[in-house]
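Engineer: Have a look at this one.
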Amino acid sequence: MAHDFDEFHAELRSVAGDLLAKDRSVGWQTLVDAGWVGLEVGERLGGAGATFSEVAIVCQEMGRAASTNSYLGGAVLAVGVLNGLQPSETRDRLLTEVASGTTRLAVALESSEFVPDAEGADRILVVDDTVGVVDATVTPQPVLDETRRLATVTADAVTEVLRFEGDPETAVGLLRNRAATAVACDSLGLSEAMLTATVEYVKVRHQFGRAIGSFQAVKHACADMLTTISVSRQLVSAAIEAVAEQRPDAGVAVAMAKSHACSAAVDIAGKAMQLHGGIGYTWESGIHVYLKRAALNRSLFGSPAAHRQELTKRYSFKGV
Amino acid sequence: MTTHLEKFRSEVRRWCQEHIPPDWRAAQTGVDDEEFVRFQKWWFAELHAAGYAVPHWPAEWGGGMPIAQQVVLYSELAVHDAPRLVLAFVGIHHAASTLLAAGTDEQRRRHLPAILDGEIWVQGFSEPEAGSDLASLRTTARHDGDEFVVNGQKLWASGGKHADWCLLLARTDVQAPKRKGISYFLMDMKSPGVEVRPIRNAIGDSHFCEIFLNDVRIPAANLVGPLNSGWQVAQATLGAERGMTMLELAERLGNAGFRWLVQSCPVDDPIVADRLAQFEIEITGLRGLCTELVEKAEAGTAGPADASIVKLFYSELLQRMTDFGVEIGGLSAHTQLVKSSSSGWESGSWVLDFIGSWEWTIPGGSSEIQRTIIAERGLELPREPSAL
């Protein structure tokens with residue numbers, strides 16, 4: 001059984017990697033047609049009936065490609081919100097429309113100030129103790145990372161208010177965990193891409209009559225990148241599993257993965273720029289795209305320090 | 001499957017509660033060598049009686065515990081802060097894996113049961129002029145009839161003064177390229193011509209030794225693997241044991257180690273709490289890496305740099321954590337002048353633990369060597385120009 005999943009995941013990873021590598025900007029319809037938007041939508045509503053584990057794979061590949069699209073807001077967050085609601089006609093209609101691509105939603109989860117992928121969305125889901133389906137005025141918030149779209153959302157009209165299934169606090173906690181883990185996956189994929197690019201470069205770039213990758217200062221830096229990524233990978237896998245299984249203590253694994261993987265990605269993209277030398281600092285090299293995305297990811301859905309602070313609440317009694 | 005594992009876990013728990021002396025740390029603090037050896041041998045016998053001493057050995061030699069159960073065993077021993085097997089370590093890991101991989105039936109029959117009866121081993125690899133560049137070792141073994149005659153000097157032989165037997169690398173062909181003229185021997189430490197001198201290390205202990213070898217005669221039957229293939233034998237068996245032994249250390253760091261750190265910290269200080277959280281995250285990552293390494297080693301799918309990544313990350317994390325323990329402990333941390341022997345690498349005597357952490361970043365392939373291995377084998381970066 002686990003083996004079947006492994007094969008399915010490897011295939012999804014490979015297909016996603018190929019598709020996203022073709023073009024940095026991917027149209028919404030392409031993501032819909034690939035079946036990624038409806039991954040977590042139930043089969044009877046036109047989705048794939050898959051889980052967060054599969055969504056996480058797509059997120060990691062998005063990071064690897066530094067892809068510009070609306071997947072985070074329109075699929076990861078929107079479908080997550082809808083799946084957490086009490087059964088209703090509106091819920092099922094929206095899920096069906098999202099999976100088929102006829103409606104694109106965005107989600108105001110923690111604030112209405114930096115809402116991912118709100119621009120061009122048909123409706124905004126505003127999350128509080130309930131979920132408001134909102135027609136909104138969307139004002140783009142330009143950020144240095146050109147691969148992400150953030151915007152301020154001002155509600156003009158609330159067309160419907162939907163209720164969470166079960167305790168709203170738990171439901172919102174799960175959404176935060178999903179958001180943070182999705183971004184951690186993105187940062188992991190991004191880190192892997194930067195290591196791969198750096199290793200390829202230092203093998204072919206020659207100075208002093210040798211490939212610069214043969215110098216210890218360079219190869220040890222690459223070894224540190226791999227070691228850090230190996231640790232990120234463990235933490236991110238644990239977070240994905242905890243979120244997919246909706247474990248009550250998933251927040252611990254998520255805080256660890258988000259703070260580590262997103263901090264590490266900035267260091268790794270920065271080291272990639274350094275090891276690429278002058279060429280790495282050029283616009284054309286594209287390393288800056290990754291460094292900026294890594295820096296934005298680190299701030300999205302909780303800084304590393306904020307996530308660590310969550311962990312430290314468990315230390316207040318003596319003897320964890 | 002899971003219930004079976006849980007049943008095993010509760011068995012181990014009960015055993016730990018009944019067999020680990022609650023006061024062992026206090027009792028083993030500041031003890032002399034004789035008491036350390038007595039306690040280590042007693043604890044090994046206790047573990048062996050329960051079937052917990054060599055779970056990683058094949059069933060026919062007294063092991064055969066499934067990997068998943070071994071993971072549970074080491075995790076529970078760490079949770080219950082069991083004494084660590086220090087003296088038996090080289091015997092049950094390096095000697096056994098070498099004999100199992102490359103030894104003759106006779107060598108296995110002679111030594112594996114003896115190790116279970118308490119035979120102590122030491123590794124005689126490094127030399128004054130062969131540290132990181134181990135293959136340049138100069139100790140020679142000259143073939144003479146049914147024997148080899150060994151001359152040279154070994155260094156950093158941990159536990160050398162208590163050892164019954166030595167895993168010895170010596171040059172048997174001085175003309176051959178350096179990695180092709182080395183052979184692997186089992187040497188009786190009671191042989192005439194073997195002289196052991198303890199070296200005092202940075203924390204004042206003397207478990208590291210120099211071994212002087214002066215016309216020591218080793219029977220040809222004690223050669224392991226073919227003549228002049230000692231380098232290959234050593235390479236094959238050095239990394240093999242790393243997974244489970246590292247998992248045990250990671251579990252100890254994650255249990256008692258982290259608990260002591262939290263207990264010695266003002267956790268209400270947000271800056272201190274943040275550092276603690278960073279350590280907890282890194283320990284969690286380390287435990288994941290160790291478990292994965294163990295599983296991959298079992299399945300034969302471990303990558304060429306996996307063991308080095310674990311060794312490097314553990315060593316430096318241990319150093320950072322013990323450093324923080326000293327920093328946060330203030331001046332009173334500096335007054336802890338003794339630590340309990342038989343402890344893990346973190347004992348809660350932070351200043352000794354911190355100074356002692358270089359025993360991880362330097363031996364067994366220094367952090368620099370590990371980074372080179374990770375880059376060259378894991379990332380396939382070009383090799384440095386090296387001597388033959």
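The values are calculated or read from the model by the stated rules, or taken from the named source; none is laboratory data. In this text, all values refer to a predicted model and were calculated from it rather than measured experimentally. We place every Cβ from the backbone using ideal geometry, glycine too, and count neighbours over all the protein chains shown.
Engineer: Could you say whether any residue in segment B:310-318 is away from chain A (no Cβ under 14 Å), in contact with a helix residue (DSSP H, G or I) (Cβ under 7 Å, 6 or more places away or on another chain), surrounded by 24 or more Cβ atoms within 10 Å (Cβ to Cβ) and at pLDDT 95 or above?
Structural biologist: Yes: one or more hits.
Engineer: Would you confirm whether or not segment B:345-357 contains a residue that is in a helix (DSSP H, G or I), more than 14 Å from B:Gly257 (Cα to Cα) and within 14 Å of chain A (Cβ to nearest Cβ)?
Structural biologist: No, segment B:345-357 has no match at all.
Engineer: Now, a different point. Can you tell me which residue among B:Ala176, B:Ala157 is surrounded by fewer than 16 Cβ atoms within 10 Å (Cβ to Cβ), assigned to a loop (DSSP other than H, G, I, E, B) and either touching a residue at least 40 places away in the same chain (Cβ under 8 Å) or in contact with a Cys (Cβ under 7 Å, 6 or more places away or on another chain) (or both)? Step through it out loud before you land on a result.
Structural biologist: Details: B:Ala157 fails: surrounded by fewer than 16 Cβ atoms within 10 Å (Cβ to Cβ).
Of the residues listed, the single one that is surrounded by fewer than 16 Cβ atoms within 10 Å (Cβ to Cβ), assigned to a loop (DSSP other than H, G, I, E, B) and either touching a residue at least 40 places away in the same chain (Cβ under 8 Å) or in contact with a Cys (Cβ under 7 Å, 6 or more places away or on another chain) (or both) is B:Ala176.
Engineer: On to the next question. Looking at B:Asp274, B:Asp323, which one is assigned to a helix (DSSP H, G or I), over 21 Å from the mean Cα position of the chain (by Cα) and more than 9 Å from chain A (Cβ to nearest Cβ)?
Structural biologist: Numbers: B:Asp274 fails: more than 9 Å from chain A (Cβ to nearest Cβ).
Of B:Asp274, B:Asp323, the one residue that is assigned to a helix (DSSP H, G or I), over 21 Å from the mean Cα position of the chain (by Cα) and more than 9 Å from chain A (Cβ to nearest Cβ) is B:Asp323.
Engineer: Identify all residues within segment B:87-124 that are part of a loop (DSSP other than H, G, I, E, B) and either among the basic types (Lys, Arg) or crowded, with 21+ Cβ neighbours inside 10 Å (or both); write none if there are none.
Structural biologist: If the condition is that a residue be part of a loop (DSSP other than H, G, I, E, B) and either among the basic types (Lys, Arg) or crowded, with 21+ Cβ neighbours inside 10 Å (or both), then B:Leu87, B:Ala88, B:Gly103, B:Ile120 are the ones that fit.
Engineer: Oh, and also: Looking at segment A:158-202, which of its residues are over 23 Å from A:Ile57 (Cα atoms), part of a helix (DSSP H, G or I) and among the hydroxyl-bearing types (Ser, Thr, Tyr)?
Structural biologist: Within segment A:158-202, A:Thr170, A:Tyr201 meet the criteria.
Engineer: Counting only residues that are of a type in the set (S, T, N, Q) and out of contact with any Gly (no Cβ under 9 Å at 6 or more places or on another chain), which one in segment B:319-339 is surrounded by the most Cβ atoms within 10 Å (Cβ to Cβ)?
Structural biologist: So, considering only residues that are of a type in the set (S, T, N, Q) and out of contact with any Gly (no Cβ under 9 Å at 6 or more places or on another chain), the one surrounded by the most Cβ atoms within 10 Å (Cβ to Cβ) is B:Gln319.
Engineer: Quick one: would you say B:Glu295 is of a type in the set (Asp, Glu), touching a residue at least 60 places away in the same chain (Cβ under 8 Å), surrounded by fewer than 21 Cβ atoms within 10 Å (Cβ to Cβ) and more than 11 Å from chain A (Cβ to nearest Cβ)? Lay out the reasoning, then the answer.
Structural biologist: On the way: of a type in the set (Asp, Glu): yes; touching a residue at least 60 places away in the same chain (Cβ under 8 Å): yes; surrounded by fewer than 21 Cβ atoms within 10 Å (Cβ to Cβ): yes; more than 11 Å from chain A (Cβ to nearest Cβ): yes.
The answer is yes for B:Glu295.
Engineer: Give the residue, chosen from B:Ala297, B:Ala302, B:Ala307, that is within 22 Å of the chain's Cα centre (by Cα) and not in a helix (DSSP H, G or I).
Structural biologist: B:Ala302
Engineer: Moving to a separate point now. Anything in segment A:203-215 that is assigned to a helix (DSSP H, G or I) and within 7 Å of another protein chain (Cβ to nearest Cβ)? List them, or say none.
Structural biologist: A:Lys203, A:Gly213, A:Ser214 - these are the residues of segment A:203-215 that are assigned to a helix (DSSP H, G or I) and within 7 Å of another protein chain (Cβ to nearest Cβ).
Engineer: Looking at segment A:267-281, is at least one residue surrounded by fewer than 21 Cβ atoms within 10 Å (Cβ to Cβ) and touching a His at 6+ places or on another chain (Cβ under 8 Å)?
Structural biologist: Yes, the conditions are met somewhere in segment A:267-281.
Engineer: Looking only at segment A:13-70, how many residues end up being without any contact (Cβ under 8 Å) to a residue 12 or more places away in the chain and in contact with a Leu (Cβ under 7 Å, 6 or more places away or on another chain)?
Structural biologist: 1
Engineer: Now a separate question. Which of the numbered conditions does B:Pro128 fail, given that it passes all the others? Conditions: (1) more than 18 Å from B:Leu247 (Cα to Cα); (2) modelled with pLDDT of 95 or more; (3) more than 16 Å from the chain's Cα centre (by Cα); (4) not small (Gly, Ala, Ser).
Structural biologist: It is condition (2) that B:Pro128 fails.
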